[in-house]
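Written below as structure tokens is the structure these notes are about.
No value in this document is a laboratory result; all are computed from the given coordinates. Just so we're clear, the structure is a prediction, and the values are computed from it rather than from any experiment. Here the Cβ positions follow ideal geometry from the backbone for every residue, glycine too, while neighbour counts run over all protein chains shown.
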Amino acid sequence: MATVQAASFLHFVIVASLLASTHGAKPSRYSMPFNRTSFPKDFTFGAGTAAYQSEGAAYIDGKGPSIWDTFTKQHPEKIWDQSTGNVGIDFYHRYKEDIQLMKKIGLDSFRFSISWSRVLPKGKISGGVNPLGVKFYNNLINELLANGITPFVTLFHWDLPQALEDEYYGFLSSKVVDDYLDYVDFCFKTFGDRVKHWCTFNEPYSFSSNGYNGGTFAPGRCSNYVGNCTHGNSGTEPYIVAHNLILGHAAAVKLYREKYQASQKGKIGITLVTNWFIPKSPKSEEDIKAAYRILDFLFGWFLNPLTYGDYPESMKSIVGHRLPKFTKEQSAMVKGSIDFLGVNYYTTNYATNNAAPNKVNFSYSGDSQTILSTSKGGHPIGTPGIYDLMLYIRDKYKNPPIYITENGLADANNASLPVKEALKDGLRIRYLANHLQYLSKAIKEGVNVKGYYQWAFWDDFEWDAGYTVRFGIFYIDFKNNLKRYMKYSAYWFKMFLLH
């Protein structure tokens, strides 16, 4: 793949998941001395989801439309199987059943997101609060706590209220910061007596890049020389959106710290996504620079301002005037604005310097001047990237408290495969076990990792991939009333957790 393309992370994960057969393993084969006792006593183990991916109930009980409701309805061609999250896996109605499954395998915590438009249908307090939406999240939080499972809540997982997109183009406008602040203020006030871990945003990279560079995520904007879009500018809009996300994050953290933290005693952070990157030619100075440069463009884009108050020098040098600037006041507010860092990690790529970047048709994906690949000489990467990434964060970004907020593997959704066979996901077990072992090693070397959330608890709607891939440790039978089944990986995780 020539540049960092939209949905590249998902693409690479799928590629990795199809490298070997998953249908010969049995759970007992993977029973091992390595289990949760290999981690600190206060270490948190959980699993996660997002509102649009799982809740369903898209048009009932007072919920307003989000940009993902609109996107999947108006652009079915951009979803691999032309599906929607209208029903999802019906978590909205089946949360009690699912919480019992979480309890059964021994989860400490469950990570989920609040749908902004389910709580505030028009996106604003002035537009009215939806009591049924508030009731759902109160019931969900209370049910989790009643079963000994702590909520870990994301305030924004890409599903902006459509009303705000219609009014001022959402995160392309700085007006969104005030409306976002009113929304999170309401959430802190309403749920914060029980929620002790808040994430302001999930993967601002994915929202900015896929939504505004490649156009494969809602709201589907891009330059026509990058993707199939009718509106957008891939060379400027991703940076504007990211800037407003960062300012919204910092404003939310300031509000929480000043108004709620002392009494509610919670913590607030953000969730970022990145792969790890290895120079394809380890002796090439240009490839080495490319590997670090792509880290700046994907990860440092957000973590550098949150740690040091400004964008990475590599981005400022390449992007130039297209990259917004922080005022001194904004820089001071952004710097240090995390109590913890959520990290979504899936895989590693080779990085090669792009010696001939496009200097006419600018785009975020081209600006990194890096070519990515998943293999060398026909051999896929087997490097323990999560370990390398943890050491990198420790050394470059002041070793913040870290939660691995997503880590998992996708299977292709094979409609002809019997359910009994689809449950045999030995490759996923190996993937999870290997990553946990390298995470344990990183902790022993001083990385401040506090928890691990497997992605995902069950198969669900995977954004532009629709239902064509399955990330869950619980199988959803989409042909039989969304019946839930434990995959072999769920049995393995249960054995790992209940030691």
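Note on segment 326-457: lysine pairs with Cα distance below 26 Å, sequence gap of 8 or more or different chains, count 12.
Seen from residue 40, the other residues with C-beta closer than 13 Å to its C-beta sum to a net charge of +2, counting Lys and Arg as +1 and Asp and Glu as -1.
Each Lys or Arg adds one and each Asp or Glu takes one away; over the other residues whose Cβ falls under 15 Å from the Cβ of residue 365, this sums to +1. The string of couplings for segment 191-204 from the Karplus curve (6.51, -1.76, 1.60, θ = phi - 60°) is 10, x, 5, 10, 8, 10, 9, 10, 10, 5, 9, 9, 6, x Hz, one whole number per residue in order, with x for Gly and Pro. When the chain is described by a simple charge dipole with +1 on each Lys and Arg Cβ and -1 on each Asp and Glu Cβ, the residue from 362, 243, 467 located farthest towards its positive end is 467.
So what's the gap between the Cα centers of segment 243-298 and segment 446-465, to the nearest angstrom? What the calculation gives is 17 Å, centre to centre.
Normalised by 2.2 N^0.38 Å, with N the number of residues, the alpha-carbon radius of gyration of segment 86-206 equals 1.10.
Sequentially through segment 288-299, phi angles give Karplus couplings (6.51, -1.76, 1.60; θ = phi - 60°) of 4, 4, 5, 4, 6, 5, 5, 4, 4, 6, 9, 10 Hz, Gly and Pro residues having no value and appearing as x.
Going by neighbour counts of Cβ atoms within 10 Å, the residues 206, 174, 317 line up, fewest first, as 317, 174, 206. Remark: C-alpha extents of segment 8-497 on the principal axes read 59, 56, 46 Å, sorted largest to smallest. When +1 charges are put on Lys and Arg Cβ atoms and -1 charges on Asp and Glu Cβ atoms, the dipole computed for the chain relative to its Cα centre reaches about 1280 debye. Taking amide H positions as modeled 1.01 Å from N, with prolines and chain starts lacking one, the residues under 5 Å from residue 344 and 5 or more places away or on another chain are 272, 273, 274, 405, 406. Fewest neighbouring Cβ atoms within 10 Å first, the residues 187, 199 line up as 187, 199.
Other residues within the sphere of radius under 13 Å centred on the Cβ of residue 189, judged by their own Cβ, net out at -1 (K and R +1, D and E -1).
Secondary-structure-derived ellipticity at 222 nm for the chain, considering helices only, amounts to -11500 deg cm²/dmol, per-run term -39500 (n - 2.57) for DSSP H runs with n ≥ 4. Which distance in Å, rounded to a whole number, links the C-alpha centroids of segment 395-418 and segment 324-354? Between the Cα centre of segment 395-418 and that of segment 324-354, the gap is 19 Å. Working from Cα pairs under 8 Å separated by at least six residues, relative contact order for the chain is 21 percent.
Annotation: the residues 102, 486, 390, sorted from fewest to most other C-beta atoms within 10 Å of their own C-beta, follow the order 486, 102, 390.
What is the percent of Cα-Cα separations in segment 397-438 that go past 16 Å? The share of Cα pairs beyond 16 Å in segment 397-438 comes to 54 percent. Cβ distances below 4.7 Å define possible disulfide partners, and in the chain the cysteines left without one are 187, 199. Students often forget the sequence filter, so: which aspartates and glutamates lie under 14 Å Cα-Cα from residue 483 once same-chain residues fewer than 8 apart are removed? In chain and number order, the partners are 90, 97, 98, 459, 460. Here the Kirkwood formula, the inverse mean of 1/r across different C-alpha pairs, assigns segment 431-471 a hydrodynamic radius of 12.2 Å.
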